[in-house]
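Q: One structure, as structure tokens, below. Some questions next.
The values are calculated or read from the model by the stated rules, or taken from the named source; none is laboratory data. Since the structure is predicted, the reported quantities are computational estimates derived from the model, not experimental observations. Glycine also receives a Cβ, built like all others from the backbone with ideal geometry; neighbour counts cover every protein chain displayed.
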Amino acid sequence: ELKVEQNPLFLSMQEGKNYTIYCNYSTTSDRLYWYRQDPGKSLESLFVLLSNGAVKQEGRLMASLDTKARLSTLHITAAVHDLSATYFCAVVTYGGATNKLIFGTGTLLAVQP
Amino acid sequence: KAGVTQTPRYLIKTRGQQVTLSCSPISGHRSVSWYQQTPGQGLQFLFEYFSETQRNKGNFPGRFSGRQFSNSRSEMNVSTLELGDSALYLCASSPGAAVNYGYTFGSGTRLTVV
């Protein structure tokens with residue numbers, strides 16, 4: 001069974017600082033997603049990473065995927081308060097014609113002024 | 001373009017009752033997946049439907065069931081509710097069987113069992 005681990009689980013950072021969230025998964029997959037969730041809200045899609053070496057950037061967030069290391073990173077540059085949320089990575093498992101997303105535990109990011 | 005619509009947004013039920021949740025995917029999307037989110041267990045996969053067929057099922061008891069209609073709308077049913085079923089239930093739609101498209105999530109239904 002595929003397992004997806006994120007670290008850290010909680011991240012308190014100051015505005016203007018940089019940091020990285022890590023997402024490790026246990027079996028082969030070449031599809032990884034990053035989502036953001038605000039308190040009491042649904043999941044907002046941030047990035048879809050579809051191949052080894054994929055790198056996507058949007059504003060202060062940049063995500064990358066290394067399928068050989070089974071690792072994805074979400075890098076935050078010069079954090080601002082608006083980035084405070086919980087971030088999830090999710091990896092696709094394949095089962096013949098079926099597929100499902102397995103989510104990581106989530107990283108609660110709190111950006112302090 | 002309308003997003004994924006889940007109804008109702010909030011529900012309060014009593015233990016032992018049953019509940020039905022509804023999800024209307026994005027127009028043209030044929031795949032609907034359901035997830036349960038709780039503080040203790042995180043986001044867990046319930047099941048996925050594609051063209052009215054259940055293609056995959058997570059590790060939940062038989063009290064959790066679902067179906068998909070010909071218009072791709074999906075319903076999820078939980079019978080004999082337990083306190084532990086209190087959760088945010090999220091529905092996600094995708095264009096088809098391929099995972100390249102990604103998944104779009106609805107706003108969720110927050111179920112409270114008392």
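Q: What strands (runs of 3 or more DSSP E), lying completely within the stretch A:25-113, carry at least 2 residues that are over 18 Å from residue A:10 (Cβ atoms) and at the interface with chain B (Cβ under 9 Å from one of its Cβ atoms)? Can you show your working first?
A: Values: elements: A:32-37, A:43-49, A:55-58, A:61-66, A:71-76, A:85-95, A:98-103, A:107-112.
Output list reads A:43-49, A:85-95, A:98-103.
Q: Something else now. Any chance you could count how many residues in the stretch A:8-28 are polar (S, T, N, Q) and touching a Lys or Arg at 6+ places or on another chain (Cβ under 8 Å)?
A: Residues in the stretch A:8-28 being polar (S, T, N, Q) and touching a Lys or Arg at 6+ places or on another chain (Cβ under 8 Å): 4 in total.
Q: Right, something else. Under 9 Å between Cβ atoms, at least 6 apart or on separate chains: pull out the pairs that start in the stretch A:3-18 with a residue that is touching a residue at least 24 places away in the same chain (Cβ under 8 Å) and end on any residue that is surrounded by fewer than 12 Cβ atoms within 10 Å (Cβ to Cβ) and of a type in the set (A, V, I, L, M, F, W, C).
A: Partner pairs satisfying both residue conditions: A:15/A:78; A:16/A:78; A:17/A:78; A:18/A:78.
Q: Would you pick out the residues in the stretch A:14-24 that are in a strand (DSSP E or B) and either over 8 Å from the mean Cα position of the chain (by Cα) or away from chain B (no Cβ under 14 Å) (or both)?
A: A:14, A:19, A:20, A:21, A:22, A:24
Q: Still on this structure, I have one more. Residue B:63 - would you say it is charged (D, E, K, R), within 27 Å of residue A:40 (Cβ to Cβ) and without any contact (Cβ under 8 Å) to a residue 60 or more places away in the chain?
A: yes
Q: Anything in the stretch B:15-41 that is among the hydrophobic types (A, V, I, L, M, F, W, C) and over 20 Å from residue B:52 (Cβ atoms)? List them, or say none.
A: Hit for the stretch B:15-41 is B:19, nothing else.
Q: Is it true that some residue in the stretch A:58-80 is at negative phi, surrounded by fewer than 16 Cβ atoms within 10 Å (Cβ to Cβ), β-branched (Val, Ile, Thr) and touching a strand residue (DSSP E or B) at 6+ places or on another chain (Cβ under 6 Å)?
A: Within the stretch A:58-80, none of the residues are at negative phi, surrounded by fewer than 16 Cβ atoms within 10 Å (Cβ to Cβ), β-branched (Val, Ile, Thr) and touching a strand residue (DSSP E or B) at 6+ places or on another chain (Cβ under 6 Å).
Q: Here is a check on your reading of the model: is residue B:92 within 28 Å of residue A:6 (Cβ to Cβ), of a type in the set (A, V, I, L, M, F, W, C), crowded, with 19+ Cβ neighbours inside 10 Å and facing chain A (nearest Cβ under 10 Å)?
A: On the way: within 28 Å of residue A:6 (Cβ to Cβ): yes; of a type in the set (A, V, I, L, M, F, W, C): yes; crowded, with 19+ Cβ neighbours inside 10 Å: yes; facing chain A (nearest Cβ under 10 Å): yes.
Answer is yes for this residue.
Q: Continuing with this model, one more query. Which of (1) within 27 Å of residue B:12 (Cβ to Cβ); (2) at pLDDT 95 or above does residue B:70 not meet, given it meets every other one?
A: Failed condition: (1).
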